[in-house]
1. Out of the GluC sites (Glu not before Pro) in segment 124-215, which ones are loop residues according to DSSP with at most 10 other C-beta atoms within 10 Å?
2. Would you mind checking the pairs K130/K327; K203/K367; K142/K203; K69/K223; K203/K223; K130/K377 and listing those with alpha carbons more than 29 angstrom apart?
3. How charged is the neighbourhood of A120? Take every other residue with its Cβ under 12 Å from the Cβ of A120, and add Lys/Arg as +1 and Asp/Glu as -1.
4. Over the chain, with the other protein chains present, what is the accessible area per residue in square angstrom, probe 1.4 angstrom?
5. When only Cα pairs under 8 Å and 6 or more residues apart are kept, what is the percent relative contact order across the chain?
6. Report the charge-dipole magnitude of the chain in Debye, nearest 20, computed about the Cα centre from +1 at each Lys and Arg Cβ and -1 at each Asp and Glu Cβ.
7. What's the extension gain from R378 to D138 if we count 0.36 nm per residue and subtract their Cα-Cα distance?
8. Can you work out the FRET efficiency for the pair E304 and K130, with r the C-beta to C-beta distance and R0 = 60 Å, to the nearest 0.05?
Amino acid sequence: MATQPSGSPPTTDIDLFADETLLDPYESYRTWRDAGPAVWSTRHEVWILSRFDDVKRALADNETYISGKGVGLYGPANEALEGTVIASDPPEHGALRRVLADRMSPRGIRALQPEVEAAANSLVDSIVAKGSFDAMPDLARKFPLMVMADLIGLPGDDHGSLLGWADAGFNTFGPANDRAVSSMPIVGEMFGYIASLDADPSKLREGSMGREIYEASERGELKFEQCGRLMAAYLMAGLDTTISSIANAVWLFGRNPEQWTIARSDPARIPHVYNEILRIESPVQTFRRTLTKDVQLGDALMREGAAVLLLYGPANRDERHWQDPDKFDVRRRSADHLALGFGIHNCAGQGVARLEAHSLLAALARKVERFEVGTPKRHLNNLIRNFDSLPVTLVPAAEMENA
């Protein structure tokens with residue numbers, strides 16, 4: 001990490017990764033935005049960028065703000081993820097993304113649509129029949145796990161560990177706190193499992209995304225040792241971000257029933273609705289970059305080699321960019337949010353995430369009149385904003401009651 005900078009830039013001693021900040025980060029976010037375009041964290045010895053324009057500009061400038069030296073603050077985790085699609089720079093980054101470019105293309109996503117929509121309808125039918133349930137295990141975790149495990153082609157008895165691996169993986173992107181350190185052995189289990197796939201890729205279903213990664217290696221499109229690291233990135237990123245957005249949708253609509261009425265009145269609005277969910281409760285709160293040259297932002301001179309945290313959560317609530325940003329408004333046009341990144345490091349699997357969320361929201365819109373949410377319990381993760389539990393009762397749509 002960089003040492004204390006010279007001059008008098010804005011500083012903060014607030015711990016972004018402390019329990020109390022993770023539970024309710026938004027006042028701290030506003031404090032940092034108001035302090036200046038770049039704020040020095042004395043606690044973590046890292047620069048913080050929290051305004052929309054500055055974060056977007058940094059994401060677009062991948063030559064100045066690089067990912068190859070790690071996207072988190074914990075050294076051992078950065079070493080473990082070195083060379084993955086999320087922690088690499090051109091030309092390696094482009095080569096890794098091209099492996100699954102066809103599958104993640106609009107055409108590839110359309111091929112998945114009938115199966116994903118059918119799964120969404122079936123799952124929504126089951127929870128409407130229940131009436132009351134916990135939205136975390138029964139909906140938010142269950143649906144992405146069904147989709148991603150099948151997409152990757154994992155054997156059926158290997159699905160159970162994915163959720164723990166993904167949660168631990170994102171914890172290791174934080175600083176060397178208890179959450180990060182205790183998660184490293186779990187991440188080690190994931191890489192151990194991936195090593196078993198390296199030894200026998202035929203365990204993966206033929207025609208699956210996971211099998212395709214190893215077949216690309218056979219064709220010489222990437223090195224064999226990169227297969228496992230690419231698998232790790234998709235195993236982590238393909239689950240928790242979508243889980244978070246689905247849970248946040250239920251929570252937001254339970255607290256804002258008038259917004260659900262608007263959302264379900266017009267199915268064509270669903271993609272805009274999902275963008276607003278991502279904007280106001282961004283699943284991933286931050287990623288790190290490293291500077292390749294000096295950058296002046298306001299009163300802050302950020303030196304070459306310094307670590308910079310790009311904060312998606314506060315950028316997506318920046319009053320300099322959004323009108324009334326703390327209001328959840330599904331009529332808002334939020335397509336330029338940064339929740340899924342921007343530039344070359346935009347989320348490679350966002351097409352699948354959007355398909356999952358759009359399919360689920362559309363099924364819920366047809367079959368659910370109202371969400372009644374109980375008191376949730378927040379899940380503490382260094383990077384992902386999520387819940388441990390979210391009790392909910394569904395009021396079915398009139399046509400469902402009469403079916």
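1. E206
2. Long pairs (Cα-Cα over 29 Å): K130/K327; K203/K367.
3. Once all neighbours under 12 Å are counted, the net charge is -1.
4. 40
5. Across the chain, relative contact order equals 26 percent.
6. 740
7. 84.8 nm
8. Rounded to the nearest 0.05, the efficiency is 0.60.
The values are calculated or read from the model by the stated rules, or taken from the named source; none is laboratory data. All figures in this text were calculated on a predicted structure; none of them were measured in a lab. Note that we place each Cβ from the backbone using ideal geometry, even for glycine, and neighbour counts take in every protein chain shown. Side chains included, ligands, DNA and RNA excluded: accessible areas come from the protein's heavy atoms. Shrake-Rupley method; radii C 1.70, N 1.55, O 1.52, S 1.80 Å.
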